[in-house]
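S.K.: Mind looking over this structure? Questions follow.
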Amino acid sequence: MDSLLSSRVRTTSGKYRAHRPPTHPATSGSTEVPAEAEEEASLPEAPKETASASTKTEKDAKGTGATSTKIKKNANISRKTGCPFQLVLDHNPDTFKWDLTVSNPDHNHKPSDDPSAHIVHQRLNDTQKKEIIKLNAAGGPPLKIKKSLLKEGPLHAPLKTIHNLNHKERKKNDGGGSAVESMVQGLKSCGFTYQIRSEISDKTGAHHLNAVFMAFPESLKLAKQHSTCILIDATYKTNRYKMPLMHIAGVNSSNSTFTIGFCFLAITTAPNSTSVFACRNSY
């Protein structure tokens with residue numbers, strides 16, 4: 001019965017940086033190995049289950065095809081590499097205490113010299129989380145947010161941790177809705193005048209977004225007073241949805257430009273571009 005109540009925990013250490021196994025001096029009957037071969041042999045072999053090989057054929061200077069194999073490493077892998085260190089924790093149900101026994105004290109790597117090598121030190125505290133959320137709401141990029149936190153105190157969290165926190169807060173604020181629904185909600189809360197154009201697909205019957213026009217009401221009033229010259233420019237590859245952002249600007253009587261509005265276009269074709277002017281003229 002005592003054996004059933006007792007619990008045992010085995011813990012092995014993990015490797016937190018690259019290492020090389022210790023080299024042993026050559027014995028009298030051994031063959032001398034060159035330094036280059038010894039260095040190449042000491043490098044750890046890439047795990048087969050976490051690497052995928054891709055074959056690529058390239059032409060050399062003579063025009064003959066040369067096949068080269070490139071190994072792509074998977075970043076989502078464990079840091080453990082079979083370190084022999086092991087300890088055992090035994091719980092005594094009579095005394096309600098734990099007994100720790102180190103069964104193997106050996107390691108195959110050097111101790112980590114930086115706290116950021118351990119996952120437990122990469123966690124953010126509540127104060128840092130609140131500061132990241134506040135700076136992200138103000139439009140600060142993650143790199144500048146990390147530099148700002150480093151000025152206030154030590155920070156061992158990588159940049160990916162800040163990205164993950166921003167993504168988590170964005171999902172929480174969206175309420176589980178789509179990207180278009182979140183954008184419309186943001187335009188309403190900021191007081192934008194907007195118009196959405198879409199079409200129904202004949203194959204799937206779903207609505208496909210063609211254009212999203214947005215502008216401040218004050219900008220539209222100013223555009224009606226100065227409608228002689230209008231400048232339009234489109235920027236590409238500015239978002240994950242690959243929708244060009246069209247910037248509409250006007251020129252006032254002082255020969256100064258002002259922003260009228262913006263428009264996301266699915267395709268920069270003549271019908272879609274004409275719809276931008278239709279949206280502007282409707283206000």
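S.K.: If I take every Cα pair under 8 Å that is 6 or more residues apart in the range 114-205, average their sequence separation and divide by the length, what percent do I get for the relative contact order? Provide the component values of the computation, followed by the final result.
M.R.: Numbers: 35 pairs, mean separation 23.7, N = 92.
For the range 114-205, the relative contact order is 26 percent.
S.K.: Calculate one ³J(HN,Hα) per residue across the range 116-122 by plugging θ = phi - 60° into the Karplus curve 6.51 cos²θ - 1.76 cosθ + 1.60, and present them in order as whole Hz with x for glycine and proline.
M.R.: Working through the residues one at a time gives 5, 6, 9, 4, 5, 7, 8 Hz.
S.K.: Further question on the same structure: If you stretched the chain out fully between residue 107 and residue 199, how much longer would it get, using 0.36 nm times the residue separation minus the C-alpha to C-alpha distance?
M.R.: Numbers: separation 92, 0.36 × 92 = 33.12 nm, distance 6.36 nm.
Value of the extension gain: 26.8 nm.
S.K.: Between the range 211-264 and the range 112-154, what's the alpha-carbon centroid distance in Å?
M.R.: 37 Å
S.K.: Something else now. Under 5 Å between amide hydrogens, which residues at least 5 positions from residue 87 or on another chain qualify, with H placed 1.01 Å from N in the peptide plane?
M.R.: The list, which skips near neighbours in sequence, is 11, 103.
S.K.: At 0.36 nm per residue, minus the direct Cα-Cα distance, what do residue 179 and residue 119 gain on full extension? Give it in nm, one decimal, please. Walk me through the numbers before you get to the answer.
M.R.: Details: separation 60, 0.36 × 60 = 21.60 nm, distance 3.21 nm.
Taking 0.36 nm per residue and subtracting the Cα distance, the gain is 18.4 nm.
S.K.: Determine Rg/Rh for the range 80-155; Rg is computed over alpha-carbon atoms and Rh is the Kirkwood hydrodynamic estimate from the same atoms. Walk me through the numbers before you get to the answer.
M.R.: Details: Rg = 20.0 Å, Rh = 16.5 Å.
Here Rg/Rh amounts to 1.21.
S.K.: Further question: Using DSSP to define loop residues, name the trypsin sites (Lys or Arg not before Pro) in the range 153-227 whose beta-carbon has at most 16 other beta-carbon atoms within 10 Å. The partial results should precede the final answer.
M.R.: Details: sites: 160, 168, 170, 171, 172, 188, 197, 203, 221, 224; in loops: 203.
Passing sites in the range 153-227 are 203.
S.K.: Here is a follow-up. May I ask for the net charge around residue 168, where only other residues with Cβ less than 12 Å from the Cβ of residue 168 are counted and Lys, Arg are +1 while Asp, Glu are -1?
M.R.: Net of charged neighbours comes to +2.
S.K.: Same structure again: So which of 171/203; 147/242; 110/130; 168/188; 97/168; 171/224 end up more than 28 Å apart by C-alpha? Before the final figure, lay out each step's value.
M.R.: Numbers: 171/203 31 Å; 147/242 30 Å; 110/130 36 Å; 168/188 23 Å; 97/168 39 Å; 171/224 39 Å.
Those over the limit are 171/203; 147/242; 110/130; 97/168; 171/224.
S.K.: May I pose another question? Ranking 229, 83 by Cβ neighbours within 10 Å, fewest first, what do you get?
M.R.: With the sparsest Cβ surroundings first, the list reads 229, 83.
All of the numbers you see were taken from the coordinates with simple rules; none came from a lab. Keep in mind the model is a prediction, meaning the values are calculated, not measured. Ideal geometry is used to build each Cβ from the backbone, glycine not excepted, and the neighbour counts take in all protein chains shown.
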